[in-house]
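Down below is the structure, laid out as structure tokens.
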Amino acid sequence: MAKKPDLSVEFCGKTFLNPFLLSSSPVSNSALMVEKSFEAGWAGVAYKTVVADNAPIIHPSTSDRGLKPNMRDIAYLKKRWPKHVVIGSIMGFRNEEWAELAVACTDAGADMLELNFSCPHMTVEGSGAKVGQTDHLVEKFTTTVRKVTRLPLIAKMTPNLADMNEPAMAAKRGGADAISAINTVRGISEVGLEDFVPKPNVFGKGAISGYSGPAVKPIGLRFIAEMAKNKELNLPLSGIGGIQTWDMIEGLTDYMALHNVKRVKDLVGKALPHLCETGDFDLKRQGISSYDLDKCVGCGQCYVVCRDSGGQALEWNEKKRRPELNEDKCLSCMVCSFVCPVDGLITFKEMPADWKRRETVTLG
Amino acid sequence: MKSSDRFSRMEEKGFDLSQAVAEAGRCLLCHEPPCSKGCPAGTDPGAFIRKLRFRNITGAIRTVKKNNILGGACGVLCPTARLCEKECCATGIDRPIRIGKLQRFLIEHSWKIGFKPFDADASERPPRRKEKVAVVGAGPAGLSCAAELAANGFQVTVFEARPEPGGVLRYGVPGFRFQTEFLKKEIDDLLSLGVELKCSTPMTGDGAAEKLLQQGYRAVFLATGLWKPVRLKKDQRDLKGLFTSMEFLSALREGKAGELSKSIKGKVCAVIGGGSVAMDCARSAVRLGAADVYLLYRRSLAQMPAEEDERTETMNEGVHFLTLNQPLGFLADSKGKLKGVKLIRTTLGARDSSGRRKPVEVKGTGWSLPPVPSARSAYPSLKLERGGLIRAGEKDCRTSLRGGFAGGDIVRGPDLVVRAVRDGKTAARSIMSMLDQKAGA
């Protein structure tokens, strides 16, 4: 049997057992929670953001406990799980607080610090995501922390802006060693239709707040890719947000074994060379959708979607309940393959260079 | 538990909202939905499941109710595996959408949230018509016809011979399959359309339909159902312990479970037939405490008209299926008390006109089963064409009487509730087109 793939990674000089960490969020609020995750196989944690005692904070934006108990938990985790990486996530409101928190986490034994420039729930100017949107504050607070600790510093970014490279560069100027992204996207998850209160409903009031889950993953990928392509930035990146598929350790191990990838490092940045501008596409090459009708269950969704939003290239055989493709009308938009409930029934087929598509019918 | 309690509540649980939404989420949203074509009553599951899936729950309820006034009853009782669900494209992925359960859910949900699908703006209602129409029989066909006519503004009176409306839904299906409270609510929905209902008002005898026409009803729809027992041989008619299925099931619905239990508890029972009604009888006999219940069927499992899940449930409840056995007659003592059933083994021969292989008696294999009370499934199909059925057009429900229409079991012989619902709708449209023509002339 081939050698088992190695899931360990190096990041900011530390070795991680695998590339999976709990993010600073409600799931990393105490050593009890974190310990359970370590038992399940997670390689480390960005411990739930701590703030100075008496800071004007809304749970679950940050830890619900005082600084001391949290520092005891971090010290406990490092002692009990020496091979696991514990990152102290901190968020101050003023320079002094940033320094105090950085020193506390360093003294507690944290391996690295994550500077939370991105909490979506802060209302005070100069705090949370408002820092991440203000380059000079990012730089100033990073510099402050840099002065009081030798631990690696990761700046955690908010996606609630147009270009993440600017604050990331500011963090680098302040002395950050890495960037993590993304924090949550500002949004309103739902409005109660009975009371018109945006959810979550806090005794009759709702607020724009941090939205997470699978919908934010494409947004996260975009920001990570933009920073990875920025040669000037050139910092290690920690990707966060919306990841929910795969039984991660088993899934990644099997994937690497199947694809003959020996180390996780070999996968980093693999998609970047293929990420282009749409203008770079080779529009001379053409194709059509191709149907394996032996697999068809006869739902007709392909017909409807092609008629209503595609090339109107399908006809519907009512008797057989099967689509019939007019190949020369197909736009190769592949929207039919997105709605088809059967895996692998509709695939893309490249057509020869001299193939000519018929234009969509014009009325009038 | 008192034996009567075992007949008062439906045993199969309905879906709740989360189950229904999850099930609707499996729907493939087919183009020209084949399930809709599979519904004899035109309930249009393709449309109501799509609405449910996109959380337009009230709209889904409205679709069911407008298309099928007995949508709830059909959701519970329809043999969906051979109608809508048989056509479902999701079967190609894994298994059909549970359409019957969704339909039942929508109707039960409408009661739960107090949604009244027929409460429309007055301006949306069709103009009130002055013509009166009489419907004879408050079973599925009659109720469906009445609803369709009332929704189109006609004045409808339903005459029902029995004390309660519902026909077979009330008196022919055991309560553990379809309970009275459910039916009552569904009939309340119907009455909200303005239908007048007169129970305990039999309209029978020669010329009853003509009399209604003379009284000013412009049309009469006859949907009395089939209640007369199958003609038994003269010497068997009064055997003690022998029931027709209708006598047996009606007695249960009339609250006589205790009384029936006395003659069935601890005894050996036999039920003749392999359809849905036979299953209902056998399962009822189990609930009444019979020591052993035999189901006598002259063909084999594959030819049984009852649905597979009904058959399985019946077998799981301990009913013994005696297939390939043809009942020949009954044994009785000198006091006229049933003592047994004479049987003969059969084999399956060539296919008959129903497409099923025909049972052929095996000579010299006669035997008898010594059961005491016996229920007999009401209408062995052989005798259907004769006796008491009304002839009416399949497409218009017209009878030989001018202004007279008929549908449901009294025309078809024993058949599905959902087909009776269709007959009611067909008759209503036929009546409307006749009255429109007259109004126009």
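The values are calculated or read from the model by the stated rules, or taken from the named source; none is laboratory data. What you see is a predicted model, and the numbers here were worked out from it, not measured in a lab. Every residue, glycine among them, receives a Cβ derived from its backbone with ideal geometry; neighbour counts consider all protein chains shown. Just the protein is used for accessible areas: all its heavy atoms, side chains included, with ligands, DNA and RNA removed. Shrake-Rupley method; radii C 1.70, N 1.55, O 1.52, S 1.80 Å.
In this structure, is B:S18 outside any loop (DSSP other than H, G, I, E, B), at pLDDT below 95 and assigned by TED's automatic domain parsing to the domain that holds B:R55? Explain how you work it out, then say what you get.
Numbers: outside any loop (DSSP other than H, G, I, E, B): yes; at pLDDT below 95: yes; assigned by TED's automatic domain parsing to the domain that holds B:R55: yes.
Answer is yes for this residue.
Filter the range B:256-295 down to the residues that are of a type outside the set (A, V, I, L, M, F, W, C) and assigned to a helix (DSSP H, G or I) and list them by number. Break it down stepwise before answering.
Here is the first cut: in the range B:256-295, the ones of a type outside the set (A, V, I, L, M, F, W, C) are B:256, B:258-259, B:261-263, B:265-267, B:273-276, B:280, B:283-284, B:287, B:289, B:292, B:294.
Correct list: B:G258, B:E259, B:S261, B:K262, B:S263, B:S276, B:D280, B:R283, B:S284, B:R287.
Go through the residues of the range A:123-145 one by one and say whether even a single one is buried (at least 23 other Cβ atoms within 10 Å of the Cβ), modelled with pLDDT of 95 or more and farther than 26 Å from A:E232 by Cβ.
no
Restricting the first residue to the range B:252-266 and requiring it to be surrounded by 20 or more Cβ atoms within 10 Å (Cβ to Cβ), which pairs with a second residue that is aromatic (F, W, Y) meet a Cβ separation below 7 Å and a spacing of at least six or different chains?
B:L252/B:F7; B:R253/B:Y171; B:A257/B:F7
Residue check: is A:A110 part of a helix (DSSP H, G or I), open to solvent by less than 10 Å² (accessible area, probe 1.4 Å) and within 22 Å of A:G44 (Cβ to Cβ)? Spell out how you get there, then give the answer.
Numbers: part of a helix (DSSP H, G or I): no; open to solvent by less than 10 Å² (accessible area, probe 1.4 Å): yes; within 22 Å of A:G44 (Cβ to Cβ): yes.
No.
Just the residues that are more than 24 Å from the chain's Cα centre (by Cα), aromatic (F, W, Y) and away from chain B (no Cβ under 14 Å), please, taken from the range A:252-307.
Answer for the range A:252-307, where residues must be more than 24 Å from the chain's Cα centre (by Cα), aromatic (F, W, Y) and away from chain B (no Cβ under 14 Å): A:F281, A:Y291.
Which residue, of A:D254, A:D280, A:D247, A:D266, is more than 29 Å from A:P159 (Cβ to Cβ) and open to solvent by 30 Å² or more (accessible area, probe 1.4 Å)? Step through it out loud before you land on a result.
Numbers: A:D280 fails: more than 29 Å from A:P159 (Cβ to Cβ); A:D247 fails: more than 29 Å from A:P159 (Cβ to Cβ); A:D266 fails: more than 29 Å from A:P159 (Cβ to Cβ).
Residue meeting the stated conditions: A:D254.
Here are some conditions: (1) out of contact with any helix residue (DSSP H, G or I) (no Cβ under 6 Å at 6 or more places or on another chain); (2) surrounded by 13 or more Cβ atoms within 10 Å (Cβ to Cβ). A:N234 meets all but one. Which one does it not meet?
For A:N234, the failing item is (2).
Given (1) surrounded by 17 or more Cβ atoms within 10 Å (Cβ to Cβ); (2) within 14 Å of B:L102 (Cβ to Cβ); (3) more than 14 Å from chain A (Cβ to nearest Cβ), where does B:S18 come up short, assuming only one miss?
The number of the failed condition is (1).
Quick one: is B:T43 touching a Ser or Thr at 6+ places or on another chain (Cβ under 9 Å) and either away from chain A (no Cβ under 13 Å) or in a loop (DSSP other than H, G, I, E, B) (or both)?
Numbers: touching a Ser or Thr at 6+ places or on another chain (Cβ under 9 Å): yes; either away from chain A (no Cβ under 13 Å) or in a loop (DSSP other than H, G, I, E, B) (or both): yes.
Considered against the rule, which asks whether it is touching a Ser or Thr at 6+ places or on another chain (Cβ under 9 Å) and either away from chain A (no Cβ under 13 Å) or in a loop (DSSP other than H, G, I, E, B) (or both), B:T43 comes out as yes.
Which one of the conditions (1) in contact with a strand residue (DSSP E or B) (Cβ under 7 Å, 6 or more places away or on another chain); (2) more than 12 Å from chain B (Cβ to nearest Cβ) does A:E315 fail to meet, given that it meets all the rest?
(2)
Can you name the residue in the range A:208-231 that is in contact with a helix residue (DSSP H, G or I) (Cβ under 7 Å, 6 or more places away or on another chain) and of a type in the set (D, E, K, R) and, of all such residues, is nearest to A:P26 (Cα to Cα)?
A:E226
Please indicate, with yes or no, whether at least one residue in the range A:199-214 is open to solvent by 30 Å² or more (accessible area, probe 1.4 Å) and in contact with a Leu (Cβ under 9 Å, 6 or more places away or on another chain).
Checked the range A:199-214: no residue is open to solvent by 30 Å² or more (accessible area, probe 1.4 Å) and in contact with a Leu (Cβ under 9 Å, 6 or more places away or on another chain).
Answer with yes or no whether B:D5 is more than 14 Å from every other protein chain (Cβ to nearest Cβ), surrounded by fewer than 16 Cβ atoms within 10 Å (Cβ to Cβ) and acidic (D, E).
Yes, satisfied.
Yes or no, residue by residue, for (1) more than 28 Å from B:G274 (Cβ to Cβ); (2) assigned to a helix (DSSP H, G or I); (3) of a type in the set (A, V, I, L, M):
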residue	(1), (2), (3)
B:I390	no, no, yes
B:K395	yes, no, no
B:S400	yes, no, no
B:F405	yes, no, no
B:P414	no, no, no
B:V418	no, yes, yes
B:A427	yes, yes, yes
B:M432	yes, yes, yes
B:L435	yes, yes, yes
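Exactly one of (1) under 18 Å from the mean Cα position of the chain (by Cα); (2) of a type outside the set (G, A, S); (3) surrounded by 24 or more Cβ atoms within 10 Å (Cβ to Cβ); (4) not in a loop (DSSP other than H, G, I, E, B) is unmet by B:K101. Its number?
(3)
It is to be established whether one or more residues within the range B:61-78 are within 14 Å of another protein chain (Cβ to nearest Cβ), part of a helix (DSSP H, G or I) and either of a type in the set (D, E, K, R) or over 22 Å from B:A147 (Cα atoms) (or both).
Within the range B:61-78, the subset within 14 Å of another protein chain (Cβ to nearest Cβ) is none.
Within the range B:61-78 (the criterion being within 14 Å of another protein chain (Cβ to nearest Cβ), part of a helix (DSSP H, G or I) and either of a type in the set (D, E, K, R) or over 22 Å from B:A147 (Cα atoms) (or both)), the answer is no, since none of the residues qualifies.
Taking the residues in the range A:152-161 that are without any contact (Cβ under 8 Å) to a residue 60 or more places away in the chain and not in a strand (DSSP E or B) as candidates, determine which candidate is least open to solvent (accessible area, probe 1.4 Å).
Once the filter is applied, the top-ranked residue is A:T158.
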